[in-house]
Amino acid sequence: MLPFETITYTKDKRLAFIHLNRPHVRNAFNTMMRDELYQVLEAIRDDSEIRVAILNAEGVDFCAGADLTEFGTAPSIVIARSVRWERDLWSLFLNLGKPLIASIHGHCLGSGIEMAMLCDIRIASSDAIFGMPETKLGLIPAAGGTQTIPRNLNLSSSLMMLLTGRAISAREALSQRLVSTVVSKDRLVDTTLQAASEFVHLDPSAVSALKDAIRHGLDQTLNQGLDMETRLASRLMSAKGI
């Protein structure tokens, strides 16, 4: 794997590790991080040996949001649209086909939450702080926050978080279903690895089909979702000669 500037990527047999690695700027998300994450997620997607991936971060914070120093230096709308079409990182997160676990500590703001929400499981340390500050800048989320957060939190909690930009604690995030587990900081790594270990021996085709059924079924009627489940289950059984 080629060296990266904003992330590090390691692999241990069936387990992949993606580390956000801009600790000097609290792992702020910039265009280079977007491009490097895209390369790594493609590699994970195409590596038949990998069963599960963990997204975590170096330093004291998971991700402090978008890198504001890039504001005003963005390319033209035409170029930006072309790049997004060619490198749709958010769809790659969402449709990876393999379990992706976000292991969160410190501040997880803006783009940090949006990346985490596109993961399948979110485990946070008790020191984690979550917030969506975009409205305070006269903006709205641009990496899926308005869509993924209401799909996990109730409508009132989603509006409170997105409209006010108020930060919440890890315990509040757990009660509002923003994360699935909260542990002490010294247990975060072990808890994440234990969660990952539950996936490494599963049939990858079944895992991918299950993720498809759940993700895409949420945007369909119940009858459509049931039909899709039947097709996916039949395809799996046929492939296994059942």
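Readers should treat all values here as calculations from the given coordinates under stated rules, not as data from a laboratory. Quick caveat, the model's predicted, so the values are computed rather than measured. Note that each Cβ is placed from the backbone with ideal geometry, even for glycine, and that neighbours are counted across all protein chains shown.
A few remarks follow.
- Bridge type composition, the chain - antiparallel percent by DSSP, nearest 5: 30 percent
- Efficiency of FRET between VAL189 and ASP47 - r from beta-carbon atoms, R0 30 angstrom, step 0.05: 0.85
- Three-way shape label, the range 1-74, alpha-carbon gyration tensor, a/c 1.5: prolate
- Candidates LEU193, ASN30, ASN152 compared by Cα position along the dipole of the chain: farthest toward the positive end lies ASN152, with charges placed on Cβ.
- Cα-based shape type of the range 157-242, given that a ≥ b ≥ c are square roots of the gyration tensor eigenvalues and the cut on a/c is 1.5: oblate
- For the chain, the longest principal axis of the C-alpha atoms and the axis of helix 204-217 are separated by about 60°.
- With Cα atoms, 0 to 90° folded angle of helix 188-197 axis to the chain main axis: 20 degrees
- Free of any trypsin sites (Lys or Arg not before Pro) that DSSP assigns to a loop and that have at most 10 other C-beta atoms within 10 Å, the longest stretch within the chain is 14-239.
- HN-Hα J in Hz across the range 51-57 - Karplus 6.51, -1.76, 1.60, θ = phi - 60°, x for Gly and Pro: 10, 8, 10, 10, 10, 9, 8
- Average projection, convex hull of the Cα set of the range 88-242: 10.3 square nanometres.
- Looking at the range 22-72, the chymotrypsin sites (Phe, Trp or Tyr not before Pro) that sit in a DSSP loop and have at most 13 other Cβ atoms within 10 Å of their own Cβ are PHE71.
- Whichever lysines have a C-alpha closer than 25 Å to that of LYS98, once near sequence neighbours (fewer than 8 apart) are set aside: LYS11, LYS13, LYS211, LYS240
- Using alpha-carbon coordinates, inclination of helix 222-239 to the longest axis of the chain, degrees: 60 degrees
- Residue-averaged 222 nm ellipticity for the chain, from DSSP H runs of 4+ at -39500 (n - 2.57), nearest 500: -12500 deg cm²/dmol
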